[in-house]
Each structure stands twice: as C-alpha cells, then as structure tokens.
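Following: one structure in structure tokens, then a few remarks.
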Amino acid sequence: DLLGREPGPNASIDYGSLIEIATVRLCAEPAEPDLTMSPTSIKRALITGAGAGAGIGFAIARQFGRAGHAVFLTGASARVLDRAAELRGQSIDATATVADLTIAADVARLRADVGAIDILVNNAGMGGLAAPSTDKAFLAMTEAAGDQGIDASLKTAFLVTRAFLPAMVEAVYG
C-alpha cells in the first residue's frame, strides 16, 4: 500500500493516515534541485527553441551548462549559433545546430549530428524568427495560423521525442 505495508486478504485503507502523509508532503518546503554533476556523470542535454538570448530555452541551456552538462542547442535560425558561442565564452561545453523541427528530415539530421542524449528539453514552440507566432484572438485566427501554432508547439515535440527517445529507452535512462 502507499504506507509501505504488505496488504493482507482483509486489508483496509486508513484514509486518515494517507491524508496526513499527503498533507505533510504537500506542505513541506520543496528542496532546491541539485543540477551539479560529478565529472564521471556529466550528462548530454538537448534544448530545443534556444535561439532567443532572453528566452527560456537559452536560460535552461545556461543552467545545465553551469551545472557541468554538455548542452546541445537547436533553433530555427542562425542566432542559435550565437547562443552556443556565448555559452562557450562562459567555459560551457555548448554546440548548436540550426534546424526546422517541423520537418522530419531536419530532425533526423539533428539526431545524427547530436547523437544520443540523456536529457531532452522540448522548449520549441510559439514561434520564432522563421515563423513568428500570431497574436490574434482565437476566434479571429485562421486555420493556417492554427496549423502553424500546432506545428511549432506539438509537432516539434513529437518529432524530436520520437527521434531521441529510443536511445534513452535502450539505455534505461533519460
């Protein structure tokens, strides 16, 4: 059961204890994540949508890099190459590849360039320089704009995960 006891044939659930345990766990202060790694356990992280200098993807890449991980950045424009150069200037092991992650062939090329990874951050979405997001009310949005949003946010995650997940499953890690 949830309390670690072996259930017997006439076992009953003590909901009071379960509620108490859940309350303690929910009310406890969350621990700060430890992203640091020993030199023997450096991980390889791929962060998509990491081209914007003030974006979430680049911030994630910087944090993983500062923690000692090798980071691979991808974005739809050449500015992702500048982000990798910025990280290398901070002594972070960073590589970048320009790719349109809505195109399966680009994702396959990215997979071949990067190789197996341990960490995947599917951050691509919303839009970027190559395909800016549309700032329209939902009811005013065209079908084409809706398709573009779905491609940028969902198709990219699907294609990238499908390309990189098999190696993680094989390694039983990631």
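Based on the Cβ-Cβ distance of Phe138 and Asp113, what FRET efficiency does E = 1/(1 + (r/R0)^6) give at R0 = 45 Å, to the nearest 0.05?
Working: r = 37 Å, r/R0 = 0.82.
In this case the efficiency is close to 0.75.
For Ile42 and Ser153, what is the calculated FRET efficiency with R₀ set at 30 Å and r taken between the beta-carbons, to the nearest 0.05? Intermediate values should be presented prior to the final figure.
Numbers: r = 30 Å, r/R0 = 1.01.
Here the calculated transfer efficiency is 0.50.
What length, rounded to one decimal in nm, is gained on full extension from Arg88 through to Arg66, with 0.36 nm per residue of separation minus their alpha-carbon distance?
Going from the current span to full extension adds 6.8 nm.
Keeping all protein chains in the complex and leaving out DNA, RNA and ligands, what accessible area do you get for Arg109 with a 1.4 Å probe, in Å² to the nearest 10?
90
For segment 61-69, what does the Karplus curve 6.51 cos²θ - 1.76 cosθ + 1.60, with θ = phi - 60°, yield as ³J(HN,Hα) per residue in whole Hz, taken in order and with x for Gly and Pro?
4, 4, 5, 4, x, 5, 7, x, 7
The values are calculated or read from the model by the stated rules, or taken from the named source; none is laboratory data. Fair warning: this is a prediction, and the values are worked out from it, not measured in the lab. Every residue, glycine among them, receives a Cβ derived from its backbone with ideal geometry; neighbour counts consider all protein chains shown. Just the protein is used for accessible areas: all its heavy atoms, side chains included, with ligands, DNA and RNA removed. Shrake-Rupley method; radii C 1.70, N 1.55, O 1.52, S 1.80 Å.
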